[in-house]
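Bear in mind these aren't lab numbers, they're just calculated from the coordinates by the rules spelled out. Please read all numbers here as calculations on a predicted model, not as lab measurements.
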Amino acid sequence: MTDDTFRGVTPEEAVRANRGDWDRTADDYQDEHGDFLRDVGFIWCPEGVDEADARRLGAVDGRLVLEIGCGAGQCARWLTSQAARVVGVDVSLRQLQHGRRIDDATGITVPTACATATALPIASGSVDIACSAFGAFPFIVDIDVALREVSRVLVPRGRLVFSVVHPSRWMFPDDPSSQGLTVTRSYFDRTPYVETDGTGHPSYVEPHHTLEDWTQALLGAGLAITGLYEPPWPDGHDRVWGAWGPVRGALVPGTLIISAKNP
């Protein structure tokens with residue numbers, strides 16, 4: 001039994017809550033979305049943007065790539081198939097266990113560690129490209145700390161590309177139908193969405209960061225923004241994923257993909 005509310009939480013509470021939530025829901029998540037993500041595939045978002053076509057990361061062959069929030073390693077495995085050297089981190093041990101299962105099934109093994117984006121177990125100045133496909137940043141309260149960590153591990157002129165829930169989505173209910181097209185919250189209200197367990201402790205946390213927040217956090221970490229991409233909903237794509245779907249997707253952006261580099 002959970003209760004839904006909007007309330008303040010500490011970064012530590014958010015990490016504990018979301019680690020527990022992902023560990024509890026990883027099996028269902030892989031059952032529901034595994035075919036769409038593919039065992040060896042790099043899908044950026046529910047709109048279905050495929051890195052094989054989009055090439056948001058640029059050339060990856062021979063580069064050391066860090067996937068932050070790698071889940072079961074689908075994206076990392078595809079990068080490995082493209083001759084990249086890949087390491088993945090994820091907060092959920094259960095997601096990483098699914099990764100081991102898929103490694104065995106595909107014969108493509110990705111080294112991973114159970115860690116948070118705000119404390120990366122990676123040497124400074126060692127990573128050519130960091131990426132995250134909805135894997136971590138949508139759930140991070142202290143994005144300033146996380147982006148400074150990314151800046152720390154990147155080589156000079158190293159690149160970061162990550163996808164998050166489009167900040168404008170905060171204004172609307174979590175409903176993919178036409179009922180979800182009515183503004184119900186202020187875009188400027190940054191109070192996190194929190195689900196709590198029977199004891200009142202957070203069991204799931206989703207913070208809200210405006211476009212200005214993301215910009216200031218990137219600049220504060222010393223990263224230069226090189227691109228923003230708001231993928232439109234593709235014609236004929238009828239898959240509903242949570243609040244994403246063709247009805248609302250035709251009118252309201254659902255995903256923001258941010259590209260940046262270490263100067």
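The table that follows gives values for the structure above.
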item: Alpha-carbon Rg with Dmax, taken over the range 106-263, Å; result: 17.1, 48
item: Helix-derived mean residue ellipticity, 222 nm - over the chain, DSSP H n ≥ 4, -39500 (n - 2.57), to 500; result: -9000 deg cm²/dmol
item: Candidates GLY180, GLY34, GLY107, ranked by Gaussian network fluctuation over the chain, Cα under 10 Å, top entry; result: GLY107
item: Kirkwood estimate for the range 1-113, i.e. one over the average of 1/r between Cα atoms, Å; result: 15.1
item: Extension reserve of the LEU219-ASP197 stretch, reckoned as 0.36 nm per residue once the Cα distance is removed; result: 4.3 nm
item: Segment ARG55-ALA250, length gained on full extension (0.36 nm per residue, minus Cα span); result: 67.8 nm
item: Stokes-Einstein D in µm²/s, Kirkwood radius over Cα pairs - the range 112-178 at 20 °C with 1.002 mPa s viscosity; result: 160
item: Rounded to whole Hz, the Karplus (6.51, -1.76, 1.60) HN-Hα couplings of the range 111-125, x for glycine and proline; result: x, 9, 9, 8, 7, 9, 5, 8, 8, 6, x, 10, 5, 5, x
